[in-house]
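Structure first, commentary second.
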Amino acid sequence: MYEKYIQIINDNGGIITSKNANKNGISRTILSKMVKNKSIKRIDYGIYVTDEFIYDELFIFQMKHPNTVYSFNTALYLLNKTERTPEKFDITTTRNNSLGYCKDIVNIHRVNNGMIEIGKIKISTNTGKEVFAYNIERTVVDIISNRNVIEIELANKVIRKCIKEKDFNVNLMFEYAKKIKVYDKVKNYMEAII
């Protein structure tokens, strides 16, 4: 009875929001009937999944909060620069984005509107779903300019390791540092560890 709709949701990775469902011709009434019928599950307000969906907390959080970027420890984890799974997600968002109700599950870092896009990339989680995180150059700049966010020992170890890798772009890191207005801080740190 609902096979056509289940296929639409499965084609979307087994997950759909009520907004996207509506765009695909699936009304809220149909979604409710599918939940009652146990064809799909409602996992959060306006978010529905089929049995094919592999639960991914990083993906779901960003689906609910699209104006966020994974940063600091979470970015390092997604970039495979640390094996330490973050206890709480580190997210960066704009100053005008109200996420105070999330502070129990995430560490919130705020930036001015123009700064959030600098170094933002799409990256796959361990379930293969794509989320936004900062690239390694932006992450290093953030770590250096916000020394209290990551343990000093871990920060130094990660930064030393990263700058030795051939795909690390030092010029891009300094370009980001200039745009974020922390160039001197980054330059002094880099001179001290090299």
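Just so you know, all these numbers are worked out from the coordinates, no wet-lab data involved. The model shown is predicted, which means the values in this text are computed figures rather than measured ones. Don't worry about glycine lacking a Cβ; one is built from the backbone with ideal geometry, like all the others, and counts go over all protein chains shown.
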Q | Separation of the residue 164 and residue 178 label points, Cα + 7 Å toward Cβ, nm | A | 2.9
Q. Charges only on Cβ, +1 for Lys and Arg, -1 for Asp and Glu: so what's the dipole of the chain about the Cα centre, in debye to the nearest 20?
A. 500
Q | Qualifying chymotrypsin sites (Phe, Trp or Tyr not before Pro) for the range 28-114 [loop in DSSP, other Cβ within 10 Å: at most 12] | A | 45, 55
**Q.** Simple label model, 7 Å out from Cα along Cβ direction - residue 44 to residue 130, nm
**A.** 2.0
Q: Could you pull out every one of the lysines with an alpha carbon less than 20 Å from that of residue 36, ignoring same-chain neighbours closer than 8 positions?
A: 4, 19
Q: Just name one of 78, 22, 91: the one whose Cα is farthest towards the positive end of the charge dipole of the chain (beta-carbon charges, Lys/Arg +1, Asp/Glu -1).
A: 22
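To the nearest 0.05, what FRET efficiency results for residue 117 and residue 10 with a Förster distance of 30 Å applied to their C-beta separation?
On the way: r = 32 Å, r/R0 = 1.06.
Calculated value: 0.40.
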Q) Expressed as an acute angle from 0 to 90° and rounded to the nearest 10, what is the orientation of the C-alpha long axis of helix 183-193 relative to the principal long axis of the chain? A) 70
Q | the range 43-66 versus the range 129-194: alpha-carbon centroid distance in Å | A | 31
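Calculate the FRET efficiency for residue 36 and residue 148 from the Cβ-Cβ distance with a Förster distance of 41 Å, rounded to the nearest 0.05.
Working: r = 49 Å, r/R0 = 1.20.
The calculated FRET efficiency here is 0.25.
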**Q.** Computed lengthening from residue 19 to residue 188, 0.36 nm per intervening residue step minus Cα-Cα distance
**A.** 56.0 nm
Q) So which of 64/103; 81/122; 161/181; 41/103 end up more than 21 Å apart by C-alpha? A) 161/181; 41/103
Q) If you compute mean projected area of the Cα convex hull in nm² for the structure shown, which of (1) 11.5; (2) 13.7; (3) 12.3 do you land on? A) (3)
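May I ask what percent, to the nearest 5, of DSSP beta bridges between residues of the chain are antiparallel? List each step's numbers first, then the result.
Details: 14 of 21 bridges.
Counting DSSP beta bridges with both partners in the chain, the antiparallel share is about 65 percent.
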Q: Using only Cα atoms, find the angle between the long axis of helix 152-164 and the longest principal axis of the chain, and express it within 0 to 90 degrees, rounded to the nearest 10.
A: 90
